[in-house]
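Since the structure comes first, as structure tokens, the remarks are kept for the end.
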Amino acid sequence: MPLVTTTEMFKKAYDGGYAVGAFNVNNMEIVQGITEAAREQHAPLILQVSKGARAYANHTYLVKLVEAAVIECPDIPIALHLDHGPDFETCKSCIDGGFTSVMIDASSKPFEENIAITRKVVEYAHDHGVVVEAELGSLAGVEDEVNVSAEDSSYTRPEEVEEFVQKTGCDSLAIAIGTSHGAYKFTAAQCTRNEQGILVPPPLRFDILEEVSRRLPGFPIVLHGSSSVPQDFVKMINENGGKMPDAVGIPEEQLRKAATLSVCKINIDSDLRLAMTGSIRKYFADHPDHFDPRQYLTPARANIKAIVTHKLIDVLGCAGKA
Ligand code: G3H
Ligand code: 13P
Ligand code: ZN
């Protein structure tokens, strides 16, 4: 089937008590690892592209890689989504350039300005059959194109969501309930430590999620910053020349719970980066004389597939839902 929007996916996810995985793509091996997992698990899928990904890989290359995945996976619905669209022009360029969904992230702007920018994107997108994700509240964390300090982050205010959705006409809403971008989601001071010395982060604010859902019945909610930072990959990195002390993510059981509620889309990027980096570091530690990218990218792609398979089955609950 051709690329789809997220409308039908989200309706089924909301009613079915699961979430669709939204995974960031930057190159062919990442696209292949994710889509092979989704095809095998018969799961609906969102492939998302950030501003940084477009700068790195080029819009056309990424669209064509995703189109290749659509051909290879004819039986599952796949949406192509702009992640963290920074402005109208970037959203327009993706809408004109084959995406079926865009995010306009004006969450750092004042409320009225966020509404105005989002409304403008929604009007253009809907005229072109494309859906729009917006954001209220802002997550802490650092990525190439997303950089919000802990002091500047803020939970979503539930009392604002009805007016925002009604005035913007957005199709889904990303909210801030304590998730955060990147592999260092919390400082050691924000966490406790378990018996193994592993940092345990503060729990997500399910009270905010529940109040938002009560105010927006049936409306799809999105969680960003939802990598769990698997400690086996952190260990693989650290044992093979890396240095990522105290990397910490969101416990998977909390994401599982969110997926059974109104959360229909869960964004995962850092976990794939860790899988890829750990695999490549280990490959070179084991084979210091090798230099063929096909050799070291093979286990990297396999481990991306393995972690996505695990997310689809055990975290998102969307295996078999295509
Ligand atoms: O939330 C951000 C995503 O992880 C994409 O990160 O801007 O470094 O491509 P990026
Ligand atoms: P992570 O950094 O937790 O993977 O979040 C990714 C994300 O939110 C992309 O928009
Ligand atoms: Zn994000």
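Only the coordinates and a few stated rules stand behind these numbers; no lab work does. Please read all numbers here as calculations on a predicted model, not as lab measurements. When we count neighbours, we look across all protein chains shown, and the Cβ atoms used for this are built from the backbone with ideal geometry, even at glycine.
Normalised by 2.2 N^0.38 Å, where N is the number of residues, the C-alpha radius of gyration of region 13-81 stands at 1.09. At 20 °C and 1.002 mPa s, what whole-number value in µm²/s does Stokes-Einstein give for the translational diffusion of region 279-322, with Rh from the Kirkwood sum over Cα pairs? Answer from the Stokes-Einstein relation: 181 µm²/s. In terms of distances greater than 32 angstrom between alpha carbons, the cross-link table entries Lys12/Lys92; Lys11/Lys235; Lys92/Lys243 yield Lys11/Lys235; Lys92/Lys243.
Among the chymotrypsin sites (Phe, Trp or Tyr not before Pro) found in region 218-321, those both in a DSSP coil and sparsely packed, with 13 or fewer other Cβ atoms within 10 Å of their Cβ, are Phe291.
Our estimate of slack between Asn194 and Lys11, defined as 0.36 nm per intervening residue step minus the Cα-Cα distance, is 62.0 nm.
If you wrap the Cα atoms of region 206-309 in a convex hull and average its projected area over all directions, you get 7.6 nm². Label sites at Glu67 and Glu253, each approximated as a point 7 angstrom past Cα along Cα to Cβ, lie 4.6 nm apart.
Give the order of His290, His84 when sorted by the count of other beta carbons within 10 angstrom, beginning with the fewest.
His290, His84
The equivalent ellipsoid that matches the C-alpha gyration tensor of region 69-110 spans semi-axes of 26, 11, 5 angstrom, in descending order. Once the Cβ-Cβ distance of Glu113 and Thr60 is raised to the sixth power relative to R0 = 22 Å, the FRET efficiency obtained is 0.10.
Annotation: Cα Rg of the chain relative to the compact-globule expectation 2.2 N^0.38 Å equals 0.95. Within the chain, antiparallel bridges make up roughly 15 percent of the DSSP beta bridges whose residues both belong there. Going from the fewest other Cβ atoms within 10 Å to the most, the residues Met9, Met103, Met236, Met28 appear in the order Met28, Met236, Met9, Met103.
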